[in-house]
Amino acid sequence: MRSTVVLGIESSCDETGAGLVSDGRLLGHAVASSMDEHARFGGVVPEIAARAHIHALRPVVRQALDDAGLRLSDVGAVAVTTGPGLPGALRVGVAGAKGLAYALGVPLYGVHHLAGHVAADTLEHGPLPDPCVVLVVSGGHTSLLLVRDLARDTITRLGDTLDDAAGECFDKVARVFGLPCPGGPAIDRAARSGSPHAVSFPRPLPGSYDFSFSGLKTAAARWAEGHAHRELPVADGAASLQEAVADVLTRKAVAACVEHGVDTLVIVGGVAANARVRSLAEERCRAAGVELRVPPTRLCTDNGAMIAAVGDLLVRAGAAPAPLDVSIDPSAPLEYAALHPAGAAARPIVPARRPTANPRRAGRTASVAPSGGAAKVTARSTPRSTAGPARSPSGGPGSGS
């Protein structure tokens, strides 16, 4: 029996992603970023992000299909991020996914954005061990999870950020330090020539699996203000901040593995691309006898492949598809990988013949399908993080989803 090809669509923040996965294997993916349009504002502007998704969605899906050597008719299921994220951005992705699923007559699956990040690792390292501890760390999220069967079981949250996420801390401090946007990668680069012990920044919430980076952000800002009339040693400040964040993240994550008797730690999200987070995690996991799994950088930041990976798991698990009126949940808590916010009386989208009774409606439906068009689409765009006007559900190296 032929394996189902799942098309995944991601549009929760400023990156439009499409990916194709079948039987756990990544066939192709593409991402378009609107970060350049947000940079002058110091963070993601929701309205700009939503408009960018409208222009990029069709070309991104087309490029992902071309990358995989497939046609649209080869798609057997569609998965899409339904939350959490920016409301306008999410609506664009969900509307496009609905149109594609309806036009193709295939099932549609709503996916929780953070579950997508968790599943991204399976595309590089294979099935997740049952159980495993997962650290999701990005521009808008910092969560410590106990994961069993991602497609079937409840996801147990061991700890969450109480205020600023790690990537958000990087972003905002980078602005104080005069570093460019996105701030996470800029902090990572600046830290290479600095001393991680130059500044004694606090380690928030010791003894708890919850996270808090607001105080650390403030401490860095006060330190910078103390250099108002002299040159700011940016490299030392960046290295010390990065060390504090990496220390907190990895210490709590490895402690959770030891306490729960789990042999595998998975770190995902944009901050998983940060060099110091990776190296310190490797060092501490080795000392504790814990296996460390981190996806490649191209799968750490937001992408459609990770959403397709969850959809593929749901299809193979025999999960029920989303109802026809599936909507979005911008602040959805993480409980299950599938996320289908919808009315109770909805009916599921199931494989059916392509509707053609209403030519005008059929024309509008067909217009959702990929075709040529001007958009900045890359196989993997430059990672980014966010700050300022909106918090991002994920981001780039050293920052974040």
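The values are calculated or read from the model by the stated rules, or taken from the named source; none is laboratory data. On a predicted model such as this, the values are computed, not experimentally measured, just so you know. Heads up, the Cβs are rebuilt from the backbone with ideal geometry, glycines too, and the neighbour counts pull from every protein chain shown. When the accessible area is computed, the model is the full protein with side chains, heavy atoms only, and any ligands, DNA or RNA have been set aside. Shrake-Rupley method; radii C 1.70, N 1.55, O 1.52, S 1.80 Å.
Values for this structure:
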{"quantity": "Only listed residue being on the phi < 0 side of the Ramachandran plot and either more than 21 Å from the chain's Cα centre (by Cα) or open to solvent by 10 Å² or more (accessible area, probe 1.4 Å) (or both), chosen from L104, L108", "calculated": "L104"}
{"quantity": "In the stretch 266-288, residue nearest to the chain's Cα centre (by Cα) [restricted to those that are among the aliphatic types (A, V, I, L, M) and open to solvent by 10 Å² or more (accessible area, probe 1.4 Å)]", "calculated": "A273"}
{"quantity": "Residue match in the stretch 240-262 (condition: under 22 Å from L20 (Cα atoms) and either at pLDDT 95 or above or among the basic types (K, R) (or both))", "calculated": "no"}
{"quantity": "Residue pairs meeting the criteria (Cβ under 7 Å; at least 6 apart or on separate chains; first more than 14 Å from P182 (Cβ to Cβ), in the stretch 36-49; second open to solvent by 40 Å² or more (accessible area, probe 1.4 Å) and part of a helix (DSSP H, G or I))", "calculated": "I48/E37"}
{"quantity": "Residue, surrounded by the fewest Cβ atoms within 10 Å (Cβ to Cβ), within the stretch 206-225, restricted to residues that are assigned to a loop (DSSP other than H, G, I, E, B) and modelled with pLDDT of 95 or more", "calculated": "S208"}
{"quantity": "Exclusive hit being aliphatic (A, V, I, L, M), open to solvent by less than 40 Å² (accessible area, probe 1.4 Å) and out of contact with any Ser or Thr (no Cβ under 7 Å at 6 or more places or on another chain), set L20, L26", "calculated": "L20"}
{"quantity": "Breaking point among (1) under 22 Å from P341 (Cβ atoms); (2) buried (at least 24 other Cβ atoms within 10 Å of the Cβ), for R91", "calculated": "(2)"}
{"quantity": "Qualifying residue in the stretch 27-41 (condition: over 16 Å from the mean Cα position of the chain (by Cα), at pLDDT below 95 and under 21 Å from L114 (Cα atoms))", "calculated": "no"}
{"quantity": "Given (1) modelled with pLDDT of 95 or more; (2) touching a strand residue (DSSP E or B) at 6+ places or on another chain (Cβ under 9 Å), index of the condition R71 fails", "calculated": "(2)"}
{"quantity": "Residues located in the stretch 4-14, provided they are at pLDDT 95 or above and either under 11 Å from the mean Cα position of the chain (by Cα) or surrounded by fewer than 21 Cβ atoms within 10 Å (Cβ to Cβ) (or both)", "calculated": "T4, E10, S11, S12"}
{"quantity": "Single unsatisfied condition, S200 versus (1) under 25 Å from the mean Cα position of the chain (by Cα); (2) assigned to a loop (DSSP other than H, G, I, E, B); (3) more than 30 Å from S34 (Cβ to Cβ)", "calculated": "(1)"}
{"quantity": "Qualifying residue in the stretch 120-132 (condition: modelled with pLDDT under 95 and within 21 Å of A246 (Cα to Cα))", "calculated": "no"}
{"quantity": "Test: residue in the stretch 135-150 that is among the small types (G, A, S), surrounded by fewer than 21 Cβ atoms within 10 Å (Cβ to Cβ) and at pLDDT 95 or above", "calculated": "no"}
{"quantity": "Residue within the stretch 289-303 that is open to solvent by 20 Å² or more (accessible area, probe 1.4 Å), over 29 Å from S22 (Cβ atoms) and out of contact with any strand residue (DSSP E or B) (no Cβ under 6 Å at 6 or more places or on another chain) present", "calculated": "yes"}
{"quantity": "Filtered residues of the stretch 115-134 (kept if open to solvent by 10 Å² or more (accessible area, probe 1.4 Å) and either assigned to a helix (DSSP H, G or I) or not small (G, A, S) (or both))", "calculated": "T122, L123, E124, H125, P127, L128, P129, D130, P131"}
